[in-house]
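Here is the structure we will look at.
The values are calculated or read from the model by the stated rules, or taken from the named source; none is laboratory data. Everything quoted here is computed from the prediction, not taken from an experiment. Cβ coordinates were reconstructed from backbone atoms using ideal geometry, including for glycine residues, and neighbour counts include every protein chain displayed.
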Amino acid sequence: MACNKPDTSANAENRCYLLPDDGKGACGSGYTSLDKTLHFGGTPGTTYQVTIHFQGTHEAGDYQGGTKQGSKGEFLTGATHIGGGLHTWLSLEVSSPAATYNPNAGGGAGSVQIYDYTATIPISGGATLRMKAFDVDCLMHRYCQNMNNDDCKGYVLPPLSPADKPIDGSFLQMTVTNVKAM
């Protein structure tokens, strides 16, 4: 999610606006910047243990409850979004076995985290996976190496290089590293 308009208010720190593609700034009741559906292969009726490597920089979300995975509890299963929370809510919804995962926990809501961890989840052959990102106030914190809002020096997590140049905004790449039938 690229920053498409830096926040120039007096207390902006490292925030920027994540606005709808039209760039007009109409946020209203929030903005869904990602909503993708994928279909998992495999044999229907077989459940697989799928290990995913998460890498990137992203704002930590507002969550409560759930079961934690990752060295800092970055990955939650069965958590709920805190009502009134303003920070980016990421979710990975799996249809079978039905579960919702949040990959941007840990570190405190609104803080920008560098993520580099793995988590293992069950996915049934033929299941549907839906990835969503939603932000209530259309403002996201971004990782600036120099913390200068006017000239953010974005970040690329070695050896991951998702762009020709560092990203001014947030990214969280998911790479499947292992799939094993249960």
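Values as computed for the structure displayed
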read-out	value
Index of the failed condition, PRO97 passing every other in (1) at pLDDT below 95; (2) surrounded by fewer than 14 Cβ atoms within 10 Å (Cβ to Cβ)	(1)
Qualifying residue in segment 128-144 (condition: outside any strand (DSSP E or B), at pLDDT 65 or above and either of a type in the set (Val, Ile, Thr) or surrounded by fewer than 18 Cβ atoms within 10 Å (Cβ to Cβ) (or both))	yes
Residue list for segment 111-134, filter: among the hydrophobic types (A, V, I, L, M, F, W, C) and either in contact with a Phe, Trp or Tyr (Cβ under 8 Å, 6 or more places away or on another chain) or over 29 Å from GLY30 (Cα atoms) (or both)	VAL112, ILE114, ALA119, ILE121, ILE123, ALA127, LEU129, ALA133, PHE134
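Table: residues versus (1) among the polar types (S, T, N, Q); (2) surrounded by 13 or more Cβ atoms within 10 Å (Cβ to Cβ); (3) in contact with a strand residue (DSSP E or B) (Cβ under 7 Å, 6 or more places away or on another chain); (4) modelled with pLDDT under 80.
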position	(1), (2), (3), (4)
MET1	no, yes, yes, yes
LYS5	no, yes, yes, yes
THR8	yes, no, no, yes
LEU19	no, yes, yes, yes
THR32	yes, no, yes, yes
PRO44	no, no, yes, no
VAL50	no, yes, yes, no
HIS53	no, yes, yes, no
